[in-house]
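The values are calculated or read from the model by the stated rules, or taken from the named source; none is laboratory data. Note that the coordinates shown come from a computational prediction; the quantities given were computed from them, not determined experimentally. Cβ: placed from backbone, ideal geometry, glycine included. Neighbour counts: every protein chain shown. These area figures cover heavy atoms from the full protein model, side chains too; ligands, DNA and RNA do not enter into them. Shrake-Rupley method; radii C 1.70, N 1.55, O 1.52, S 1.80 Å.
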Amino acid sequence: MTTTSPQANGSGGGSAPIQERDRVTVRFAGDSGDGMQLAGNRFADATAVFGNDFSTLPDFPAEIRAPAGSLAGVSSFQISFSKHQIFTPGDEPDTLVAMNPAALKSHLSALTKGGLLVINEDAFTSGNLKKANYPSNPLADGSLEEYRVIKAPITTAAIAAVDDLGLTTQNAERTKNFFALGLVYWLYDRDLQPTLDWIEDRFGRLPNIAEANRRALHAGHAYGETTEIADAHVRVPPAVLTPGEYRTITGNQALVLGLITASHLTDLELFYGSYPITPASDVLVELAALREFGVRTFQAEDEISAIGTAIGAAYGGGLGVTGTSGPGIALKSEALNLAVMTELPLLVLDVQRSGPSTGMPTKTEQTDLLQVMFGRNGESPLCVLAAKSPGDCFYMVLEAVRLAFQFVTPVVLLSDTYLANTAEPWPVPDVNQLNKIDVPYRKLEHIDPEDFQPYARDPETLARTFVPPGIKGLEHRIGGLEKSDISGDVAYSPENHQRMTDLRGEKIRRIANFIPELEVDGPESGDMLVLSWGSTYGAVFTAVNDAREAGHEIAHAHLQYLNPFPRNLGDVVSRYNKVLIPEANTGQLRMLIRANFLVDAQGYNEVTGQPLSARLLTEAIIKLASE
Amino acid sequence: MVLHTPAAPDLVENIIPIAEENLSRKDYASDVDTRWCPGCGDYSILAQMQRSLSNINVAPEKMVFVSGIGCSSRFPYYMNTYGIHSIHGRAPTIASGLKLSRPDLQVFVITGDGDALSIGGNHLLHVLRRNVDVKIFLFNNRIYGLTKGQYSPTSELGKVTKSSPIGTTERPLNPLSVALASEATFVARSFDTDPQHLQTTIEQAARHHGAAFVEILQNCNIFNDRAFADYTDREVRDERLLYLKHGQPMLFGEDQNKGLAVSATGLRVVDAHGPDVGLILTHDATRPAPDVHQLLARCQYPEMPVPMGVIRQVTAPTYGDYLDSQIEVAKFKNRQDVAQLLKGRSTWQVE
Ligand SMILES: Cc1ncc(C[n+]2csc(CCOP(=O)(O)OP(=O)(O)O)c2C)c(N)n1
Ligand code: SF4
Ligand SMILES: [Mg+2]
């Protein structure tokens, strides 16, 4: 499907004047079984086709089937769309669609005062009110006075729309998300066609269900048109984006595409060993469906086996990758250290989630930075990178693979729940424009066995001479015992251990000579620098700009390379009077910055399981800037 | 239970890469000095491994030894092949990833009773269940050697060791039973002091297509001396061991005067010259049901003779066979290039 110009079709009727707005944030909330994720994703697609920039934030319970109507079972999907470029899914929604009392209860406090509430009044039964702990019906007791409320009989109207299709009551009722979606499409002037196409694609083989969903969608749209909801018909003009071909992408999809592309650019087959864990499982699941690219996925018996198999593949000269979340990293530590000691090119994806322990499996956090830096025995340096946006996950995989092979080292790439699930428009890269990734061992095939030393190092990178099995005359053994410099034989001498410890550390430090310097957005020096890393990029960027609009001169720099740091980082942080480091943890990067550069960096820290709030962060930036 | 004479084994042979020139035992030995205690059973196993590989004439550059941690796991350093001495218990995982991504290599796993059955127990079950084409040699000395003599998961109940000064309080695992219960397609046992038998067993394992599990009884003369001597000593072997051969009756004893037959509770010993001679079982390693194999695995001294040799060998597709065929089919059916994949289901144009 391609669209070149936005159209306002479908918005013909209704006498209420249409208003223009720059940016709107809508949140769909309902029971896990209400299809809110589906509705939200369809809305995102329609928004993409319309030409807005957008960002989404799905939020779902960890329980697969919490009791229907309960607070624990509420699932939501937020989308922010704009005529400008945007970098976050928005803090507070302008519109909340609440499919039942529990959804209203859980999400009302987020809605901006005066915001629009679309409520499925059919679900406000005494039973459901009780499950949501409402002492009285909020639709009747005046407690929603501060909002503009559209009470719609979403369930009954959807059932009526599909009445003569002979569906079971349950299937008929299921179409209510499409009714709600149709109504919201009318409110925001979205084209129905992309969704109608999608329904055909998805349910084409079940013509009755496809027809029911189409009808519910149209009925919801017509409901908006005929009910003439005053003040609610809003249009957000398309954004001016860099020209090109775009698709929608989430962080996890970008990891998958990055891995396949890395396999293409290295000309190596991909081996992905993984044990299912939220929020990293999608990567395993999606890769498993791509065997045509020679992908070998291996659902291991546990986290240790997952990394063990990936190490085996890396040792064999392949593209060995494992992916997990924080609890899995904890289990993989010992094996990761084997890759540090044997110096093998290994990629580890850590899609971070909220901890400690099982924590909140479906919620986001940046709390694994110190774990991946230091959570292993001995002096164990490795390379750590972090993606800053869903689309950036793609490019950081390529970067991680490049460094893993160039430096013959394990590399950890950090993503998180927020990036994993958030969708944004993404300019599709031209694979022919991407640089090939060099695999140094290929040049060693014809090395003279007399000259071969597995721990001889490249003078510039200090990468060791890695040779996978198979080459005659180069047979040798590696392992987790300390290695003798150059020969790689087992060695216990004090001098050698000191030397090898230094070499392993220096090798990782030298990566800094092969990565870009840190760029500063804003003044090159001055009063205040905001330094961020990972998925908070969008929120921090937005907050810094809002603070600038409020009259403060503030610099912003964002780290994608966490070990080693870009070589100019020490210089950058020393050029400002104040350094503020916002993080979704209690100050992990701040600890590293203070320890490395002796700067009195301040923190802005939220550990809520939610992405940083750009609004609260703006306040914090302005406060520190005004001090 | 009625048992039929086995049909001729219909086994898929493992394709082993062969060296161009004729190699002798010493071509497989590295120049690293061995570090085992003098008299340790590991020396003999090393020698027989080198001899077996030279009998097959395996190409050394295509051989990889993967081990965990323990005295036994030092093994790869002494082989002039590729090798990785990894971490405790995890060798089967590294071997799996290696073999699945490099089907051209021969991957042998060297492990100990603690390495394979304690810390690495989970991996052993799964590598066997998956039938990954790797050969696992478990050196069972019924003790933790490297950590200096604590009891292991195969130490007998009540055994006095450094960490059980008044005897253990836990029952041991039987490695062969574990392997059979894990759906292993090749299960065998041999021991350090019968070089010929050990060589033959190693070669049989090497030629098996699929995961092979070989328990090698190994004497740790420092911390658990003579653990198997009661039945492996030269003078008593004939009486107390049952050398299994596929298609041959299960006979043992001086002049093969005894045999095994089915009893109400399992197996029993019968007189090969007596009236029950007709009941003596014929060994069928290829029998799909693992029933008799389990009964054999559980035969223990002194009640029963201790079986040696290949207990089970059945043909089944390996994990790699399945995986490779999925890839081949997908490449044929879903022709798609990276550029198409990057576009996903739908794109839009911004101008
Ligand atoms: C994670 C970890 N825990 C403990 C150890 C210590 N350790 C080394 S070898 C070993 C037991 C080895 O016993 P076994 O596998 O029977 O090998 P053997 O030495 O008897 O050949 C232990 C506990 C270790 N190396 N790593
Ligand atoms: S401790 Fe036992 S197993 Fe280890 S080398 Fe010595 S004799 Fe062999
Ligand atoms: Mg042992």
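Percentage of Cα-Cα pair distances in the stretch A:247-438 greater than 26 Å, rounded to whole percent? Pairs farther apart than 26 Å: 21 percent. A straight line joining the Cα centroids of the stretch A:184-236 and the stretch B:247-320 runs 72 Å. When the Cα convex hull of the protein assembly as shown is projected onto planes of every orientation, the mean area is 47.2 nm².
For the stretch A:275-324, what does the alpha-carbon gyration tensor say about shape, rounded, prolate or oblate, given a ≥ b ≥ c as the root eigenvalues, a/c under 1.5 as rounded, and a/b over b/c as prolate? Oblate is the answer for the stretch A:275-324, as a/c is 1.5 or above yet b/c matches or exceeds a/b. Axis of helix B:121-130 versus longest Cα principal axis of chain B: the two differ by about 70°, to the nearest ten degrees. Taking 40 Å² as the minimum loss, tell me which residues in the stretch A:455-472 lose that much accessible area going from the chain by itself to the full protein complex (1.4 Å probe). Output list: A:Pro469, A:Gly470, A:Lys472. Take the protein assembly as shown with all the other protein chains still there, run a 1.4 Å probe, and you get 39 Å² of accessible area per residue. Counting only other chain Cβ atoms within 10 Å of each residue's Cβ, the peptide A:318-329 averages 1. To the nearest ten degrees, helix A:614-626 and the longest principal axis of the Cα atoms of chain A are 60 degrees apart. What the phi angles of the stretch A:58-73 give under the Karplus curve with 6.51, -1.76 and 1.60, with θ = phi - 60°, is a coupling list of x, 9, 10, x, 6, 6, 6, 9, 5, x, 4, x, 7, 5, 5, x Hz, glycine and proline written as x. Computed from the alpha carbon atoms alone, the convex hull of the stretch A:441-514 holds 99 Å³ per residue. When the charge dipole of the protein assembly as shown is built from unit charges on Cβ atoms (+1 for Lys and Arg, -1 for Asp and Glu) and taken about the Cα centre, the candidate among A:Ala44, A:Pro429, B:His283 whose Cα reaches farthest toward its positive end is B:His283. With both labels modelled 7 Å from their Cα along Cα-to-Cβ, the B:Asp271 to A:Thr586 distance reads 8.0 nm. Remark on A:Trp533: its backbone amide H falls under 5 Å from those of A:Leu559, a criterion applied only to residues 5 or more positions apart or on other chains, H modelled at 1.01 Å from N. Shown here for the stretch B:311-351: trypsin sites (Lys or Arg not before Pro) in loop regions (DSSP other than H, G, I, E, B) with at most 11 other Cβ atoms within 10 Å, namely B:Arg335, B:Arg345. For the protein assembly as shown, with all protein chains present and a 1.4 Å probe, just round the carbon and sulfur fraction of the accessible area to a whole percent. Summing carbon and sulfur atoms, their accessible area is 51 percent of the total for the protein assembly as shown. For the residue pairs B:Lys62/B:Lys245; A:Lys443/B:Lys26; A:Lys332/B:Lys331; A:Lys388/A:Lys623; A:Lys332/B:Lys135, alpha carbon separations beyond 27 Å are given by B:Lys62/B:Lys245; A:Lys443/B:Lys26; A:Lys332/B:Lys331. Please state the shape class of the stretch A:520-626: rounded when a/c is under 1.5, otherwise prolate if a/b exceeds b/c and oblate if not, all from the C-alpha gyration tensor. Because a/c hits 1.5 or more and a/b fails to exceed b/c, the stretch A:520-626 counts as oblate.
With K and R counted +1 and D and E -1, the other residues having a Cβ less than 15 Å from that of A:Ala123 yield a net charge of +1. With a Förster radius of 25 Å applied to the C-beta separation of A:Thr169 and A:Ala140, the computed FRET efficiency comes to 0.40.
Each peptide in A:365-372, A:169-176, B:258-265, B:89-96 gets a packing score, the mean of other Cβ atoms within 10 Å over its residues, and the list from highest to lowest is B:89-96, A:365-372, A:169-176, B:258-265. Pairwise Cα distances in chain B exceed 24 Å for 58 percent of all pairs.
Across every direction, the projection of the convex hull enclosing the Cα atoms of the stretch A:19-235 has a mean area of 11.5 nm².
Among the residues of B:332-344, the average count of other protein chain beta-carbon atoms within 10 Å of the residue beta-carbon is 5.
With both bridge residues required to lie in chain A, what share of the DSSP beta bridges run antiparallel, to the nearest 5%? Roughly 35 percent of the DSSP beta bridges within chain A come out antiparallel. For peptide A:250-262, the mean count of partner chain Cβ atoms within 10 Å of a residue's Cβ comes to 1. Total lysine pairs in the stretch A:38-197 at Cα distances under 19 Å, for residues eight or more apart or on different chains: 6. Applying a DSSP loop filter and a limit of 12 other Cβ atoms within 10 Å to the GluC sites (Glu not before Pro) in the stretch A:443-500 leaves A:Glu445, A:Glu460.
Taken across both chains, chains A and B shield about 5600 Å² of accessible surface from a 1.4 Å probe.
Please sort by residue number the trypsin sites (Lys or Arg not before Pro) in the stretch A:430-536 whose DSSP state is loop and whose Cβ has at most 13 other Cβ atoms within 10 Å.
Working: sites: A:Lys436, A:Arg442, A:Lys443, A:Arg457, A:Arg464, A:Lys472, A:Arg477, A:Lys483, A:Arg499, A:Arg504, A:Lys507, A:Arg509, A:Arg510; in loops: A:Lys436, A:Lys472.
Those satisfying the criteria are A:Lys436, A:Lys472.
Given R₀ = 51 Å, what would the calculated FRET efficiency be for B:Glu170 paired with B:Asp255, taking r from the Cβ atoms and rounding to 0.05? Efficiency computed from Cβ-Cβ geometry: 0.80.
Taking +1 at the Cβ of each Lys and Arg and -1 at the Cβ of each Asp and Glu, which of A:Gln299, A:Val401, A:Ser389 sits farthest along the dipole of the stretch A:247-438 towards its positive end, judged by Cα position relative to the Cα centre? Going by the charge dipole, the pick is A:Ser389.
Using the Cα gyration tensor of the stretch B:1-142, with a ≥ b ≥ c the square roots of its eigenvalues, what is the shape: rounded (a/c below 1.5), prolate (a/b larger than b/c) or oblate (neither)? Rounded is the answer for the stretch B:1-142, as its axis ratio a/c remains below 1.5.
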